[in-house]
Amino acid sequence: MTEFIVYVLMGALYICALIVFLAVAPTIAVLRALGLTGQLLWLHGQVLVGVTHRRTPEYQHPSLPPYRPQNEPEPAYRQYFHGPATRDLRTACLLTAGRFRRTVADSFSSTTVGYFGQPRSSRLASVPVGLTLYTGLALGAVLAAVLLALLCLLHVVLVYVAQGVVRITAGTLRAVDRAVLRAKNLHHGMVCPQCYELVEYPVYECPGDGCRRRHQDIRPGRYGVLKRRCACGHKLPTLILTGSHRLQGICPYCASAMSDSTGLVPETVLPMVGGTAAGKTQLMAAILMTLFDAAGRGGPPAGFADRDTAARYEVLREILRIRGNPLGTPRALPAAHSLLLGKGRSRRLVHIFDTAGERFVNLEDTDALRYARTARTFVFVLDPLSVAAFWQGLSPEQQAGVDRTLASPVDPEHIFNQSTQTMKRMNGDLAQSRLAVAVSKYDVLSRQRLLGEHRPDDSGSTRAWLVGELGLGNLARAMENEFREVRFFFTAAVIGGEEQVDDSIVPLVDWCLGSGRYDPSASAGRASGR
Ligand SMILES: Nc1nc2c(ncn2[C@@H]2O[C@H](COP(=O)(O)OP(=O)(O)OP(=O)(O)O)[C@@H](O)[C@H]2O)c(=O)[nH]1
Ligand SMILES: [Zn+2]
Ligand SMILES: [Zn+2]
């Protein structure tokens, strides 16, 4: 009986204790739930830091390998929001999901072991506590799952918004870059001085130590907005506006170096057209010397746009100085002579193209004259000594005084017709272009007093001499029909006293390149031949 009373009392006490426990059980369950939620959120935070910053192997997922420059078409690291951000997002979600499963399972199994399997106290006490903890864990798992899902959703939204912002910024910068190129009239391309192709955008070489990797399209995009990181780690500007012109530009067609400041300043293409031995190379040498002499005397600054031009200029200058004969221009495409002229807003890159005379004769050779598309001023070198009518009009004494070996063997009219056809085929807009007709070897003519009353410094008078003495009326009219504006110059591409280029070159240089900055007197309204 006493035993029975004890059991009843114990039972009553247990029920009382259970009732008391039931009052605190929700608190215990909530605390356990919060504990688990906090733990899971902390783990997610660790995953985020690990995935986006530490990047150690335990924070990588085998199905989502990192982006590496060696697997990219460009030797550069991907811009974060062009792939890596979504990869990080997916990695973080996958790793968090894994850790979530493991942590929840571990928590349940340690509760099972501690309160049901091998409890340290009586099961009467441990089972209710275990059940409460189970409830807490279940609640915590649900709460954490909801919060983590919300965090991941926020992460997705942030990544996609950032991706949108980055893409729009890159697109805008590309559009600004295009607009700036258009303002410089470079939207059709930049001229390659080696192969004469029009290059939409140069390839750039990385200046990193011993790197020299070539970036095909450095503009804002997949590999960077304002800068991109080369595979070697060196950061490169992505826009000509922000300094990519300081990198070595490379032509994508012929892989040779492009001129300094390509894309930064407007370009002027000045083709020298004329028959073999008409005097193109020598006239070009005289033009270059005039430009550098003027710069030396405080005129518009002039500099070489590449080392090759500098070296070839030295040779040409020496030939002019010793009154030697330039070698015939090789039929293979010679590089343009490229200069940087002027300063500030008027600074520009000038490419002077001296093409072998025979290229204007053989139709199959003229394909290379692609630069015609961008030229707005052409120089036609007309050798008066090559015109039969000129020789026939000379007295025997005059003929004896003129060195016939200097004469070009090609008829200028034929060359003109041939070259205009070619230029048109190359989409040259002749009707919008100007033509400077350089009547070459003027020093020979003046030495023999073959100009009569004609004034060498007057376009109309020079034209009249060509029409009257050389019978080139048809040619002069054809020139005036084809081109917007034609001006005639007598030119002596020789060095006079004091190592100075003959004065006759200055008006030609001024009209073609200077807008009055080389010869202010010449720019003032000398009549065109039209
Ligand atoms: N006296 C004199 N000789 C000139 C002048 N211009 C050219 N020559 C001579 O004419 C010849 C041909 O000149 P180049 O400049 O080589 O002619 P080119 O048109 O470049 O010829 P290719 O390169 O073969 O197409 C050379 O012997 C020059 O020295 C000039 O203004 N005065
Ligand atoms: Zn090229
Ligand atoms: Zn590099």
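The values are calculated or read from the model by the stated rules, or taken from the named source; none is laboratory data. Predicted model, so just to flag it, every value in this text is computed and none were measured. Glycine gets a Cβ as well: all are built from the backbone with ideal geometry, and neighbour counts include every protein chain shown. Note: areas computed on protein heavy atoms with side chains; ligands, DNA, RNA excluded. Shrake-Rupley method; radii C 1.70, N 1.55, O 1.52, S 1.80 Å.
For the residue pairs Lys343/Lys424; Lys184/Lys280; Lys184/Lys227; Lys343/Lys441, the alpha carbons lie more than 26 Å apart in Lys343/Lys424; Lys184/Lys280; Lys343/Lys441. By the helix-only formula, in which each DSSP H run with n ≥ 4 contributes -39500 (n - 2.57) and the sum is divided by residues, the chain has a 222 nm mean residue ellipticity of -14500 deg cm²/dmol. The average projected area of region 424-477, computed from the convex hull of its Cα atoms over all directions, is 4.8 nm². Projected onto planes of every orientation and averaged, the convex hull of the alpha-carbon atoms in the chain covers 35.0 nm². Can you give the accessible area of Ile19, probe radius 1.4 Å, in Å² rounded to 10? In the full protein context, Ile19 sits at about 110 Å². Cysteines of the chain lacking any other cysteine Cβ under 4.7 Å from their own Cβ: Cys16, Cys93, Cys152, Cys512. Modelled this way, with points 7 Å down the Cα-to-C-beta line, the labels at Leu241 and Ala97 are 4.2 nm from one another.
Mind ranking Arg219, Arg312 by accessible surface for me, highest first, 1.4 Å probe? Please list the in-between numbers first.
On the way: Arg219 35, Arg312 60 Å².
If we order Arg219, Arg312 from most to least accessible, we get Arg312, Arg219.
Assuming R0 = 25 Å, can you tell me the calculated FRET efficiency for the pair Ile5 and Arg120, based on Cβ-Cβ distance, to the nearest 0.05?
Values: r = 30 Å, r/R0 = 1.19.
Efficiency, from the Cβ-Cβ distance: 0.25.
Quote the relative contact order of region 1-142 in percent (integer), defining contacts as alpha-carbon pairs under 8 Å separated by 6+ residues. Each step should come with its number before you reach the end.
On the way: 98 pairs, mean separation 53.0, N = 142.
Contact order relative to length: 37 percent.
Legend: helices of the chain (whole DSSP H runs) are marked when their alpha-carbon atoms reach 27 angstrom or more along the helix axis and their mean Kyte-Doolittle hydropathy is at least 1.6; marked are 2-49. Return the carbon/sulfur percentage of the accessible area of region 189-264, one whole number, probe 1.4 Å, all protein chains in place. Using a 1.4 Å probe with all protein chains present, region 189-264 comes out at 43 percent carbon and sulfur.
Using the average count of surrounding beta-carbon atoms within 10 Å as a protection proxy, the listed peptides 444-454, 239-249 rank, highest first, as 239-249, 444-454.
Taking 0.36 nm per residue of sequence separation and subtracting the Cα-Cα distance, how much length would be gained by fully extending the chain between Leu147 and Ile19, in nm to one decimal? Full-extension gain reported as 42.8 nm. Here the scattering of region 189-264 is modelled by Debye summation over its C-alpha atoms, one equal scatterer each and no solvent; at q = 0.22 Å⁻¹ the log10 of I(q)/I(0) is -0.94.
Classified by the C-alpha gyration tensor, region 2-180 has a prolate form. Its axis ratio a/c, with a ≥ b ≥ c, is 1.5 or above, and a/b is larger than b/c. Normalising the average separation of contacting C-alpha pairs (under 8 angstrom, six or more residues apart) by the number of residues puts the relative contact order of the chain at 12 percent. Annotation: Met10 carries an accessible surface of approximately 120 Å², with a 1.4 Å probe and no ligand, DNA or RNA atoms counted.
Stretched out fully, how many nm does the piece from His188 to Glu453 gain, at 0.36 nm a residue minus the Cα gap? Display every interim value, and only then the final one.
Numbers: separation 265, 0.36 × 265 = 95.40 nm, distance 4.60 nm.
Extra length available between His188 and Glu453 comes to 90.8 nm.
Whole-percent P(r), region 352-483, all Cα pairs, 10 Å bins from 0: 11, 42, 32, 14, 2.
When its C-alpha radius of gyration is set against 2.2 N^0.38 Å (N residues), region 267-523 gives a value of 0.95.
In a fully extended conformation the segment linking Ala400 and Leu64 would gain 112.3 nm over its present Cα-Cα distance, using 0.36 nm per residue.
Taken over the alpha carbons of region 181-319 as equal point scatterers, the Debye sum produces base-10 log I(q)/I(0) values at 0.14, 0.15, 0.16 Å⁻¹ of -0.77, -0.85, -0.94.
Per-atom-type breakdown for region 24-70 gives carbon and sulfur 65% of the accessible area (1.4 Å probe, protein chains only). Computed with every protein chain present, the accessible area of Thr262 is close to 10 Å² [probe 1.4 Å]. Heavy atoms of the protein chains alone define the surface here; on that basis the chain has 49 Å² accessible area per residue at 1.4 Å probe size.
Distance between the 7 Å Cα→Cβ label points at Ala311 and Asp411: 4.1 nm. Positive end of the dipole of region 267-523 (Cβ unit charges, origin at the Cα centre): among Ile319, Val402, Val467, the Cα lying farthest that way belongs to Ile319.
Treating r as the C-beta distance of Phe108 and Ala162 and R0 as 56 Å, the FRET efficiency rounds to 0.90.
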